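To keep things clear, I will list the structure first and then write my remarks on it.
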Amino acid sequence: PPEKAHQLAVWALKHQLLPARKINADGALAQNIWGMNFTHPLGLAAGFDKNAESLDGLSKQGFSFVEAGTVTPKAQAGNPTPRLFRLKRDQAVINRMGFNNDGLDSFVEGLQCYKHSAIIGSNIGKNKTTDDAVADFVSGLEAVYPYTDYVTVNVSSPNTQGLRAMQKKNSFHSCFQRCKTRRHRCSN
């Protein structure tokens, strides 16, 4: 089953059972963006390693960057199963996981154990049952900030009810301002 295959892949990477891969990218592909040196444009988006538990194994697969998450302040189970589907004809996967993760404490522990050189991003979200989405984003930012190269605030998942309402101008501006203020405090 797709979700069991995903769990097995994360486990194998966590225990570094897969051989390391190196991408011999042309130096012309390297870029410096916001002070981070990307050796090439190939990275892994959020959704694969939701708990930042296989970062060392993933970084050895040749990625220039790995984005872990989406993580929420409190652990949550995500959507009911089945929620991961293979489209064999299209060689694709549909993910309707719903921010299933073990919460910030476990995620930060994974970030703290990371030892390799790929750029690491953290994707933060809100808990499904929260009353204050912005507070969830701010607490996520504060927790991951010391251990990550960049942070993505996830306001786009269609699998978390009401989350995309955060994209409305006033909601987004309020969230952005509070996160920016917290980021400034964390960096000083």
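Just a few scattered comments:
- Heavy atoms of the protein chains alone define the surface here; on that basis segment 66-120 has 58 Å² accessible area per residue at 1.4 Å probe size.
- Among the listed pairs Lys126/Lys168; Lys74/Lys115; Lys60/Lys126; Lys22/Lys50; Lys50/Lys128, those whose Cα-Cα separation exceeds 18 Å are Lys74/Lys115; Lys60/Lys126; Lys22/Lys50.
- Computed over protein heavy atoms with a 1.4 Å probe, the carbon and sulfur contribution to the accessible area of the chain reaches 52%.
- Between Glu109 and Lys168, the simple label model (points 7 Å from Cα in the Cβ direction) yields a spacing of 3.9 nm.
- Label corresponding to Cα Rg over 2.2 N^0.38 Å when calculated from the structure given, among (1) 1.36; (2) 1.04; (3) 1.23: (2)
- Under 14 Å, Cβ to Cβ, from Ile94 - net charge with Lys/Arg +1 and Asp/Glu -1: +3
- Summary of the geometry: segment 103-149 and segment 160-188, compared by the centres of their Cα atoms, lie 14 Å apart.
- Close amide-amide hydrogen proximity is noted between Thr70 and Gly47, each under 5 Å apart and 5 or more residues distant or on a separate chain (H modeled in the peptide plane; Pro and chain starts excluded).
- Two tests apply to each whole DSSP H helix in the chain, Cα reach of 15 Å or more along its axis and mean Kyte-Doolittle hydropathy of at least 0.0, and the ones passing both are 133-144.
- Cleavage-rule hits, trypsin sites (Lys or Arg not before Pro), segment 1-68, DSSP coil, Cβ neighbours within 10 Å at most 16: Arg21, Lys22
- Its DSSP H runs of at least 4 residues, each contributing -39,500 (n - 2.57), put the calculated 222 nm mean residue ellipticity of the chain at -9500 deg cm²/dmol, to the nearest 500.
- Here the Karplus curve 6.51 cos²θ - 1.76 cosθ + 1.60, taken at θ = phi - 60°, turns the phi angles of segment 37-52 into couplings of 9, 8, 6, 6, x, 8, x, 10, 6, 4, x, 7, 10, 6, 10, 6 Hz, with x standing for Gly and Pro.
- Taking each residue as 0.36 nm, the span from Met36 to Leu17 lengthens on full extension beyond its C-alpha to C-alpha distance by 4.0 nm.
The values are calculated or read from the model by the stated rules, or taken from the named source; none is laboratory data. Computed from a predicted model, the values in this text were never measured in an experiment. Because the Cβ atoms are built from the backbone with ideal geometry, glycine has one as well, and the counts that use them run over all protein chains shown. These accessible areas exclude ligands, DNA and RNA; they are computed on the full protein's heavy atoms, side chains included. Shrake-Rupley method; radii C 1.70, N 1.55, O 1.52, S 1.80 Å.
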